[in-house]
């Protein structure tokens, strides 16, 4: 059998792109400028049919008005007492000394059996553009349409993580 030798250098000029992308042009990517996090280990529940604040909140102060904030809320042990109900989890935002206002419905869960126990509560991610360099507070609110909705029970942990993403 004859051995064939190939010349692989023809037609190649310049450098190959580095793994970090430094030889690529006209590309930009965001950078994580800061990370803040908060945790909730206590039981939180509501029987209210209007939005009720929980103790799960965190604050971040963007370094530029063009920064985006990646909001992640995850964890918990949700349950429902006494019958069928719907639990709603919302993210509220407050900029500077303003007041909290609803930003996004994060989770809407309906249980049709008489009480549902130990179900995961939330896994939520969103990218916010607050357009400010004032402190921005994010807070979780909950409500139910009937019976009791347990946002977090049995000492489980729910976390909120805020990441400032710069250009």
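What follows is calculated from the coordinates using simple rules that are stated; it is not laboratory data. A quick note: this is a predicted structure, and the numbers were derived from the prediction, not measured. Backbone-built Cβ (ideal geometry, glycine too); neighbour counts: all protein chains shown.
Where in the range 123-139 does the label zone of residue 167 land, with the point 7 angstrom along Cα→C-beta and an amide N cut-off under 11 Å? No residue passes the distance filter. Spin-label model, residue 132 to residue 47: label points 7 Å out along the Cα-to-beta-carbon direction sit 3.6 nm apart. Full extension of the chain between residue 39 and residue 157 yields a length gain of 41.8 nm, computed as 0.36 nm times the residue separation minus the alpha carbon distance. Protection proxy ranking, highest mean first, for peptides 65-76, 121-132: 65-76, 121-132, where packing is the per-residue count of other beta-carbon atoms within 10 Å, averaged.
When you count the other C-beta atoms within 10 angstrom of each residue and take the mean per peptide, 148-159, 89-100 line up highest first as 148-159, 89-100.
Contact order, relative form, for the range 31-166: 50 percent (alpha carbon pairs under 8 Å, 6 or more residues apart, mean separation divided by residue count).
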